[in-house]
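The values are calculated or read from the model by the stated rules, or taken from the named source; none is laboratory data. Everything numeric here is computed off the predicted structure, so don't read it as measured data. All Cβ positions, even for glycine, are placed from backbone atoms using ideal geometry, and neighbour counts span all protein chains on display. Note: accessible area is taken over every heavy atom of the protein model, side chains too, but ligands, DNA and RNA are not part of it. Shrake-Rupley method; radii C 1.70, N 1.55, O 1.52, S 1.80 Å.
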Amino acid sequence: MAKRNRSTTAVKIEKWIKEGRGTGEGADYKPWLTIRDVPSRGIATRNKGWKTKRIHQLMSKLELNYLYTLEWSDAVIDIREQYPLLPLERTLEIADDFGIKHPTDPQTNEETVMTTDFLITIATSNGLALRARTIKPSSDLNKRTIEKFAIEQQFYKEQDIDWGIVTEKDKSEQFIRNIDFLYNARYIENIPGVTEERLKSISSWLLLEITNSSDPLSVVALNCDERLGYKLGTCLFIVKYMIANKNWLINIYEEIDPLKKIDIKPRGDKNEQHIR
């Protein structure tokens, strides 16, 4: 099989612009880069995004971790990853003004379109706002990386868009593990044999079973599967669905371990603020 040509040329940049890469919002957004366009370090989410309802194209595990943070936040409205800094001419001008070498493709030596890992739309008290966030391990913040970030920061400053760097130090590992555990359960179609109507009829009963039992969550869920005639694992998936959609509330910073009893409250509980 022939190797995919991942080098950057002016012709390829023009082609991608015509394809609409870097444009659109929500489910219609097209990332400038996909995992097919970069070496094998890229990863795609296994399930469609909670906010966008599409598969996200991510270039590192750290980007995936940050995506989880964005998915959980009620303030985040839209997520656009691998967002291009266009037109290319503007970043070339900024680099020249700063006396910084603009990023180039090592194979062709042609200037590449710079990208921001995430352009985020958030809801604020003053309406919708954009935030640009670059994801980088703290160990990689060397002189050359900081130079490229200076170009990126200036680009967004000119558009009055808040820009910042996110490292691995910005979120708890337990939070990330919990969202990873819940991530595939956001949509009801991922629950085999359960309809919305059926879910409404059993969710309150299932929550009572969990709350009133001293058994681990997995044991309660399996017992409920047997009583309802469901395939084993269905009720545990329902639990994950209810938490992922914040219909049931937990302390997201404490370990979700199916082998232990879990403290779950319905939305609207008087302790909601504490456990959410």
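P31 passes every criterion in (1) within 24 Å of I122 (Cβ to Cβ); (2) surrounded by fewer than 17 Cβ atoms within 10 Å (Cβ to Cβ) apart from (2).
Here is the figure for region 59-84: residues that are hydrophobic (A, V, I, L, M, F, W, C) and in contact with an Asp or Glu (Cβ under 7 Å, 6 or more places away or on another chain) total 1.
Restricting attention to region 205-224, the residues that are open to solvent by 80 Å² or more (accessible area, probe 1.4 Å) and of a type in the set (S, T, Y) total 1. When I151 is tested against (1) in contact with a His (Cβ under 8 Å, 6 or more places away or on another chain); (2) open to solvent by 80 Å² or more (accessible area, probe 1.4 Å), exactly one condition is not met: (2). Selection of first residues in region 173-196 that are more than 13 Å from W50 (Cβ to Cβ) and of second residues that are open to solvent by 60 Å² or more (accessible area, probe 1.4 Å) and aromatic (F, W, Y), restricted to Cβ pairs under 8 Å at least 6 apart or on distinct chains, gives the following pairs, ordered by first then second residue: Q174/Y253; F175/Y253; N178/Y253. Look at (1) in contact with a strand residue (DSSP E or B) (Cβ under 7 Å, 6 or more places away or on another chain); (2) modelled with pLDDT under 95; (3) outside any loop (DSSP other than H, G, I, E, B) and you find that V11 fails only one, number (1).
Can you find a residue in region 162-169 that is aromatic (F, W, Y) and open to solvent by 20 Å² or more (accessible area, probe 1.4 Å)? So far as region 162-169 goes, yes, one or more of its residues are aromatic (F, W, Y) and open to solvent by 20 Å² or more (accessible area, probe 1.4 Å). Residues in region 169-195 that are in contact with a helix residue (DSSP H, G or I) (Cβ under 8 Å, 6 or more places away or on another chain), within 19 Å of G233 (Cβ to Cβ) and not in a loop (DSSP other than H, G, I, E, B): D180, F181, L182, Y183, N184, A185, I188, N190. Can you name every residue in region 166-208 that is of a type outside the set (A, V, I, L, M), modelled with pLDDT of 90 or more and within 19 Å of the chain's Cα centre (by Cα)? If the condition is that a residue be of a type outside the set (A, V, I, L, M), modelled with pLDDT of 90 or more and within 19 Å of the chain's Cα centre (by Cα), then T167, E173, Q174, F175, R177, N178, D180, F181, Y183, N184, R186, Y187 are the ones that fit. Considering (1) out of contact with any Pro (no Cβ under 7 Å at 6 or more places or on another chain); (2) open to solvent by less than 70 Å² (accessible area, probe 1.4 Å), the lone condition that K200 does not fulfil carries the number (2).
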